[in-house]
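Inspection log for the structure reproduced underneath, given as structure tokens.
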Amino acid sequence: MAKIIDGKLISAQIKDELKEKVAKEHIKATLAVIQVGNDPASCVYVGNKKKACEYIGIGSRSYELPEETTEEELLDLVDRLNADDEIKGILVQLPLPKTIDEKKVINRISPDKDVDGFHPQSVGRLCIGEDGFVSCTPAGIIELLKRSGIPIEGRECTVIGRSNIVGKPMALLLLANNGTVTVCHSRTKDLKEICKRADILVVAVGKPKMITSEYIKEGAVVIDVGIHRTESGKLCGDVDYEDVLPHVSAITPVPGGVGPMTIAMLMVNCVKAAGF
């Protein structure tokens, strides 16, 4: 019987631990969230981030900018927030309008306030094993595995996807936890055969239900990072859940798996940015 890894439950545990820590140690921190335009998905995410800040007992400041905001105006705002001692973390909601260079904006955020873990300095620290902010989704996946009693050390770990936000940091974190790591991508040959070797398979491919039981080693652990809406309006992941379920020892559902962990780990980074 496969273990269903409950991301809602584990993220709630993490937020409860942070709430207690913030109250006990009188932590003062404010997260600045910048949103350009009113993309519906971004509006939901920003709302959830504000609620999470309120729940654990830290401040949040919201900057909702119009779609026509220029790159210069956005960079000026980031500069002001970098200089504001009350603000411990800065988050720019992605994607940004095409007229704004995302890389330039991310690089402008002070590495000490980079709670998303996207700044080159944060990525560099992760690469060489130094302490720093880690991209929230991969960090959340490591917590899901650890808190579910799933060992990483010595196991074959395969990551499908090589994005800067999930795939690459995920591979580095699994490596840091002594996993033996393979990274697959759109140019990988014999993808099914490589995936069938994996004890832990992390799927961040961006294609609904692409990964079927043909890719799965019997008894593997499957972590599904994808989220899509089907034509009937239901949510699904990159993994064909019903097809894969009988063959795995543990799996994350969509929704309710990886998703809730991203915001929980953002809160961990906010508390860390305050020096705790």
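In a DSSP loop and with at most 10 other Cβ atoms within 10 Å, the trypsin sites (Lys or Arg not before Pro) in the range 170-221 are 187, 189.
Pairwise alpha-carbon distances in the range 136-260 exceed 23 Å for 21% of all pairs.
For the range 195-225, the residues whose backbone nitrogen is under 13 Å from a point 7 Å from the Cα of residue 234, taken along Cα to Cβ, are 209. Checking every one of the GluC sites (Glu not before Pro) in the range 189-267 against DSSP loop status and a limit of 15 other Cβ atoms within 10 Å picks out 218, 231.
Could you give the size of the charge dipole of the range 136-260 about its Cα centre, using +1 on the Cβ of each K and R and -1 on the Cβ of each D and E, expressed in debye and rounded to the nearest 20? Walk me through the intermediate numbers first.
Details: 15 positive and 14 negative charges, 73 e Å.
My answer is approximately 360 debye.
Put a dot 7 Å past the Cα of residue 85, heading toward its Cβ, do the same for residue 38, and the two dots end up 3.8 nm apart. Subtracting the Cα-Cα distance of residue 164 and residue 213 from their residue separation scaled by 0.36 nm leaves 14.9 nm. According to the Kirkwood relation over distinct C-alpha pairs, the hydrodynamic radius of the range 69-224 is 17.1 Å. Can you work out the PRE-style zone for residue 24? Point 7 Å along Cα to Cβ, and I want the residues of the range 38-73 with backbone N under 18 Å. Label zone hits: 56-58. The stretch between residue 55 and residue 187, if pulled fully straight at 0.36 nm per residue, gains 43.2 nm over its current Cα-Cα span.
Readers should treat all values here as calculations from the given coordinates under stated rules, not as data from a laboratory. In this text, all values refer to a predicted model and were calculated from it rather than measured experimentally. Please note: Cβ atoms are built from the backbone with ideal geometry, for glycine as well, and neighbour counts cover all protein chains shown.
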